[in-house]
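The structure under discussion appears below in the form of structure tokens.
The values are calculated or read from the model by the stated rules, or taken from the named source; none is laboratory data. Please read all numbers here as calculations on a predicted model, not as lab measurements. A quick note on method: Cβ atoms are made from the backbone with ideal geometry, for glycine too, and the neighbour counts reach across all protein chains shown.
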Amino acid sequence: MTFDVTKGTTILVPDEVNNPNTNYHLHVILTDPSPSRVLTVPVYTVRKFQDPACLLHEGDHSFIKWDSYVVYQKIDERPAHGIAAAVNREVFIPKEPVAEPVYRRIVEGFHRSRFTPRKFLGSLPNSY
């Protein structure tokens, strides 16, 4: 089965590959491949520091059990085929897509966050 890397899909990405005790973080794919790369952004549980641009709560996604925030400062550009290959090798774990209203909140936060790296600011339209 091939994993379809498109905007709004989600994956669990390990902090450390080949470590059975590693933590996994939810990553949201923000863009469709263009031409073969996508933007991904992680979601972390709120502890001390948080970027208030986009807070997520239980019910926003099945993996989210505690108040969480989108970590725009760690946005990353990845090859879509690399994500699909990591899913096929079971390094990344596919999860269900975020709902459209949640995706829109994440995109709005992308534009609002002071932590979004400048080099990515033109990568997403202001609204979807």
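For L12, work out the one condition from (1) within 14 Å of K95 (Cβ to Cβ); (2) touching a helix residue (DSSP H, G or I) at 6+ places or on another chain (Cβ under 9 Å); (3) touching a residue at least 60 places away in the same chain (Cβ under 8 Å) it doesn't fulfil.
For L12, the failing item is (2).
Going by the structure shown, is V70 at pLDDT 95 or above, touching a Pro at 6+ places or on another chain (Cβ under 9 Å) and either surrounded by 13 or more Cβ atoms within 10 Å (Cβ to Cβ) or over 21 Å from S34 (Cβ atoms) (or both)?
yes
Report every pair of residues separated by at least 6 positions or lying on different chains whose Cβ atoms are under 6 Å apart, first residue within segment 33-52 and closer than 13 Å to I106 by Cβ and in contact (Cβ under 8 Å) with a residue 40 or more places away in the chain, second assigned to a strand (DSSP E or B) and not β-branched (V, I, T).
These pairs meet every condition: L39/E77; T40/H27; T40/D76; T40/R78; D51/Y69.
Do you know which of the residues in segment 87-104 that are out of contact with any strand residue (DSSP E or B) (no Cβ under 8 Å at 6 or more places or on another chain) and surrounded by 13 or more Cβ atoms within 10 Å (Cβ to Cβ) is nearest to S36 (Cα to Cα)?
My answer is N88.
Of everything in segment 40-69 that's of a type in the set (A, V, I, L, M, F, W, C) and under 17 Å from E96 (Cα atoms), which residue is nearest to the chain's Cα centre (by Cα)?
V41
Do we find a residue being assigned to a loop (DSSP other than H, G, I, E, B), charged (D, E, K, R) and surrounded by 14 or more Cβ atoms within 10 Å (Cβ to Cβ) anywhere in segment 7-29?
yes
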